[in-house]
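Shown next, in C-alpha cells, is the structure this report addresses.
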Amino acid sequence: MRRLRKKGHSRRAVRRLRRAAEAGHAGAAFELSVVLRGRGQEQEGLAWCLRAAEIAAEQGQPATEVASYLRLAGEYERAEDVLRQAAETGDGDAAYFLGKVLQHDPTRLADAERFYLMACELGHVEAPMSLSLMLTRVGRLEEGERYYRLAAERGDRMAARRLGNAAWKAGRDQDAERYLRIAAQAGRSRENDDVLALADFLGERGRIHEALPILHELGDHIAWRIGPILRRAGLAEEAQLYDNRANEWEKMLDALDDLD
C-alpha cells in the first residue's frame, strides 16, 4: 500500500488504504492520513491519524506507537499522557520516548531526566547515552560521565570505543580491553573499526596470537588496514602478505571500474 502511494497511484492507494483502515489496520489508517493530507484534505487526514492511534490502543500495540500517531495528529498532551501512564507501569521504551520528547523543552529538563532515569532503571539500552548527553549539555559533567559509562556497559558502541581508547592511552589495560571488546561485539561499523581497534590493542600488548584470529575473520576489502597492525607487532612478513592482498583487491576494483 505504501508502495502505491509512493508511486503516485493515489486513487488506488486511497481505496485500498480506506478498506484496510476501516477493517481495523492502524498502519493503513496512518498511511491513509498521509495520502489525504498530501492531497489537501487536512481535516479528514487528521481524523484518520487519530483513528490510527485509537486502533493501535484498542489492539494493545506499544504505547510509543500510539503516542507517535497522536503526536503526528497534533495531540501532544494526549501523547504525553499515554507515554507517562505506560512508563509508570514499567514500559522502558515509553519512558525513554517521553524523556526524548521532554528534553527539547528547556523548562522541562527535570521531567526529562526523571523519565530517562526511569528508562535506565528498566534496562533500556539507549537511555544512558541520551541522559549522559543531556546532563553534559547542562554542565553536569561528572554525572554525564557516569551515565556514559553505563551506556558503554550496556553495549553502546561509540561510548565503549571512546572509553576503551581513553583507557588505552592512559595505560589502564584492563579497562581498555574490556571496553574495546564491548565495542567490537556491539556491532561492526562499515570499516570494522571497532574490531580493528581491539586487534591493534592486543597486538601492541604482545598478544598477537589473540589478535590474529580476529584479523583473519575480516575480509580482503580492508586488508590494507591489517598490514600496519601486524607490522607494529613485529610481524613484517605477515604484514606484507596482507599488503599484497590489499593490492590485489585494488586491482580487482580497478578492473571492475574499467568494465563500466
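Read-outs throughout are calculated quantities, based only on the coordinates presented, and are distinct from any laboratory measurement. In this text the structure is predicted, and so the values were computed from the model without any measurement. All Cβ positions, glycine included, derive from the backbone under ideal geometry; neighbour counts span all protein chains shown.
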Open item on the list: If I fit a long axis through the Cα atoms of helix 109-121 and take the longest principal axis of the Cα atoms of the chain, what angle between them do I get, 0 to 90°, rounded to 10?
Closed with: 60 degrees
Open item on the list: How many angstrom lie between the Cα centre of the range 94-173 and the Cα centre of the range 45-82?
Closed with: 28 Å
- [ ] Among Trp168, Trp48, Trp249, rank each residue by its count of other Cβ atoms within 10 Å, from fewest to most, as a rough exposure measure.
- [x] Trp249, Trp168, Trp48
Open item on the list: For the chain, what does the helix formula give at 222 nm: sum of -39500 (n - 2.57) over DSSP H segments with n ≥ 4, over the residue count, nearest 500 deg cm²/dmol?
Closed with: -24500 deg cm²/dmol
- [ ] Give the residues of the range 102-118 whose amide nitrogen is closer than 12 Å to a point set 7 Å from the Cα of Tyr76 in the direction of its Cβ.
- [x] 102-108
Task: Value of relative contact order over the range 209-253, rounded to a whole percent, pairs C-alpha under 8 Å and six or more apart - done: 37 percent
TODO: Using only Cα atoms, tell me the angle between helix 223-232 and the longest principal axis of the chain; keep it within 0 to 90° and round to the nearest 10.
DONE: 50 degrees
Open item on the list: Students often get this wrong, so try it: which of [x] 32; [y] 26; [z] 56 is percent of Cα pairs over 29 Å apart as calculated from the structure shown?
Closed with: [z]
Task: Contact order relative to length of the chain, as percent, for alpha carbon pairs under 8 angstrom and 6 or more apart - done: 7 percent
Open item on the list: Helix 173-186 against the longest principal axis of the chain: what's the angle in degrees, Cα atoms only, rounded to the nearest 10?
Closed with: 50 degrees
TODO: Within 10 Å of each residue's Cβ, count the other Cβ atoms and sort Ile214, Ile182, Ile229 from fewest upward.
DONE: Ile214, Ile182, Ile229
TODO: Mind sorting His25, His124, His216 by how few other Cβ atoms lie within 10 Å of their own Cβ, fewest first?
DONE: His216, His25, His124
